[in-house]
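As structure tokens, the structure follows; a few thoughts come after it.
The values are calculated or read from the model by the stated rules, or taken from the named source; none is laboratory data. Remember, it's a predicted structure, so these values are computed and weren't measured experimentally. Note that each Cβ is placed from the backbone with ideal geometry, even for glycine, and that neighbours are counted across all protein chains shown. These area figures cover heavy atoms from the full protein model, side chains too; ligands, DNA and RNA do not enter into them. Shrake-Rupley method; radii C 1.70, N 1.55, O 1.52, S 1.80 Å.
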Amino acid sequence: MSQRLQPIFSGQSICIIPAKLDAEHIERLTSIAEANGAVITRQPEIAQIIVTTIHAYKRLLRHVDVTDLNSKMIVTPEWITKSVTEKTQLPSGEYNPIKRKVVETRYTSPSTPATSASVTNATPELDDIKRCFTPSHLNNTTATVQTRGESDLRSRFAVHRLSPLVSPNQKLLLELGNIMRARWMDGDNRSALSYSRAISVLKAYRKVITSSNDVASLAGVGPKILKMVDEFIDSGMIEEAERVKRLRRTQALLLFSSVYSIGPTTARHLYDDIGLHSLSDLQDYANSLNTPQGEILRLALGIREDLNQKIPRNEVERIVEVVANELEAIQPGCMHTICGGYRRGKLESNDVDVVFTHPLKGTEKGLCKALVARLQAMGVVTSLLHTSSFSSNHDGPGSKRFSTSSRSGGLGGLDTALTVFRLPNSNMVKLEVMEGAEEDYGRSESIPQLVGPHRRLDIIFAPIDAYYTAVVGWTGSTQFERDLRLWANTKYVIISENMPHTEDYPDRGLRFDSSGILSLNDGRVVVAKSEHEVFRILGLDYIDPVWRNADL
């Protein structure tokens with residue numbers, strides 16, 4: 001199998017000093033760096049690489065602490081563009097704008113915690129925030145320390161708050177989460193959503209809660225939640241959470257929902273209408289079905305234990321490396337971003353979400369189908385669970401496995417393939433592409449030995465104009481994305497300097513989803529050229545992915 005390195009700046013945090021750079025140049029550098037795996041931060045003290053056009057040492061000290069100048073890689077913007085052109089990270093010496101007092105350094109791999117030297121100038125406040133919000137594996141690597149006022153906790157929208165991976169009040173939130181999940185399973189969606197919103201705002205609270213008075217003014221935290229907060233502080237538990245955990249029906253519904261393809265509605269049908277109470281009952285039921293539904297259910301039951309195992313970060317990276325290598329063989333020059341919980345900093349993920357595109361618009365058409373076929377021919381994609389093709393795929397409505405539909409109105413669409421993947425061994429035979437065959441995307445002389453457990457792998461292809469909205473949409477978390485869509489739809493946002501502000505131009509807001517941003521005023525598609533620009537168009541301050549963990 002052909003070898004391909006991880007994205008050039010994979011997982012590195014880069015700070016671009018805005019002095020002497022115009023907004024367009026900053027946006028362009030941000031776009032290039034993010035497209036090649038970087039995480040952009042505004043905080044020089046936690047960046048691994050600092051980009052600047054300032055050549056005067058004393059002037060740069062106005063923006064960067066002396067400790068950082070002497071311990072971090074300092075480069076000009078040209079270093080980013082040249083590294084991308086050369087497809088490798090170039091030595092910093094030639095691109096160092098300051099020729100004295102700065103030691104040339106290399107970045108710290110995101111898989112290896114950096115030394116404390118990279119944040120020696122962190123203030124006590126920043127240290128406190130990092131201890132509360134950032135797991136140790138993210139300290140000094142990809143996490144950007146951002147601060148917000150407590151007023152943001154009074155907003156109903158998670159997009160206004162910094163939501164950490166782990167809260168100082170995590171045990172309380174887990175108790176509330178047990179109640180929320182029981183409500184979802186019971187079909188009481190309104191109540192479940194109320195709990196979800198309360199959990200979201202409490203998760204962003206940066207101090208240990210010692211009394212319900214601490215959080216009484218926060219958005220979505222009503223009298224019932226406040227009473228539960230006091231109950232937990234007094235006893236270390238919430239009786240309602242313990243009660244729902246003991247319910248046999250709730251236990252059975254949660255068990256059924258642990259099987260791929262079974263959601264709350266189907267779980268209730270299986271329990272209430274068909275009378276299934278256990279996985280054994282479910283297996284017997286699946287065996288009795290001579291339908292596509294039965295086939296999917298039998299498959300899901302067979303690999304349930306594998307799919308319910310968490311996926312370590314290094315395995316996520318290996319899976320994506322295999323997929324990216326094969327895509328490179330089909331179409332060179334594609335770029336990708338690993339999204340989902342991995343991008344939000346989780347040590348372990350439930351599945352792997354990766355968004356692909358190609359810088360040349362239109363080149364992405366048909367690549368999803370070609371890539372999946374190639375991976376199936378190799379044997380590493382063992383099952384194709386679901387596919388969707390929208391405007392970027394032209395198979396037409398007659399296609400059996402890649403159906404064409406549109407759910408985005410005036411927006412384009414994304415090609416997606418929800419698959420089951422197993423890592424191959426390192427000695428697998430390289431896949432050879434068959435010439436002159438439109439449907440045969442590859443063959444191998446032998447099926448590779450599969451060494452990894454079954455993993456859920458979601459492959460998403462976006463046209464370049466929708467790449468950054470796709471990355472935002474697939475990064476999550478669920479509550480963050482829910483509020484992002486709601487905010488865009490209900491809040492008036494200036495999307496153009498030339499937009500008239502008169503009664504003739506109604507205030508209708510925007511529609512956001514992973515396939516793009518649509519103006520509800522005139523049906524225009526608003527193209528974002530970077531992830532930062534997605535937030536700017538929506539009238540929001542940028543939030544780093546590691547602060548978008550608005551769910552448990």
Completion exercise
Among (1) open to solvent by less than 40 Å² (accessible area, probe 1.4 Å); (2) farther than 30 Å from residue 192 by Cα; (3) without any contact (Cβ under 8 Å) to a residue 12 or more places away in the chain, residue 292 falls short only on (1)
Practice task
For residue 352, indicate whether it is of a type in the set (A, V, I, L, M), crowded, with 24+ Cβ neighbours inside 10 Å and either in contact (Cβ under 8 Å) with a residue 12 or more places away in the chain or farther than 23 Å from residue 515 by Cβ (or both).
Solution key: yes
Completion exercise
By residue number, the members of the range 225-250 that are assigned to a loop (DSSP other than H, G, I, E, B) and surrounded by 16 or more Cβ atoms within 10 Å (Cβ to Cβ) are 238
Practice task
Sort out for me the helices (runs of 4 or more DSSP H) sitting completely within the range 1-88 that have 1 or more residues that are within 22 Å of residue 357 (Cα to Cα) and of a type in the set (A, V, I, L, M, F, W, C).
Solution key: 23-35, 77-86
Completion exercise
Residue hits (the range 297-318; open to solvent by 80 Å² or more (accessible area, probe 1.4 Å) and in contact with a strand residue (DSSP E or B) (Cβ under 9 Å, 6 or more places away or on another chain)) are 309, 310
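One line per residue, one yes/no per condition, for (1) modelled with pLDDT under 70; (2) surrounded by fewer than 17 Cβ atoms within 10 Å (Cβ to Cβ); (3) over 30 Å from residue 195 (Cα atoms):
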{"site": "66", "(1), (2), (3)": "no, yes, yes"}
{"site": "78", "(1), (2), (3)": "no, yes, yes"}
{"site": "103", "(1), (2), (3)": "yes, yes, yes"}
{"site": "119", "(1), (2), (3)": "yes, no, yes"}
Problem - Residue that is nearest to residue 163 (Cα to Cα) [pool: residues in the range 181-224 that are among the hydrophobic types (A, V, I, L, M, F, W, C) and open to solvent by 30 Å² or more (accessible area, probe 1.4 Å)] - result: 208
Problem - Condition met for residue 311 (within 23 Å of residue 456 (Cβ to Cβ) and among the β-branched types (Val, Ile, Thr)) - result: yes
Handout entry: Selected residue [under 30 Å from residue 309 (Cβ atoms) and touching a residue at least 12 places away in the same chain (Cβ under 8 Å)] from 254, 218
Key = 254
Completion exercise
Counted residues in the range 251-289 being in a helix (DSSP H, G or I), of a type in the set (Gly, Ala, Ser) and closer than 17 Å to residue 184 by Cβ come to 3
Exercise for the section: Collect the residues in the range 271-324 that are polar (S, T, N, Q) and out of contact with any Pro (no Cβ under 9 Å at 6 or more places or on another chain), keeping them in residue-number order. Expected result: 278, 280, 283, 287, 288, 290, 291, 293, 308, 314
Exercise for the section: Could you tell me which residue of the range 147-160 is modelled with the lowest pLDDT, considering only residues that are over 17 Å from residue 194 (Cβ atoms) and in contact with a helix residue (DSSP H, G or I) (Cβ under 6 Å, 6 or more places away or on another chain)? Expected result: 152
Handout entry: Residue ID - nearest to the chain's Cα centre (by Cα), chosen from residues in the range 506-523 that are open to solvent by 20 Å² or more (accessible area, probe 1.4 Å) and in contact (Cβ under 8 Å) with a residue 60 or more places away in the chain
Key = 514
Practice task
With the condition kept exactly as written, say whether any residue in the range 394-411 is open to solvent by 50 Å² or more (accessible area, probe 1.4 Å), assigned to a strand (DSSP E or B), at pLDDT 50 or above and under 27 Å from residue 300 (Cα atoms).
Solution key: no
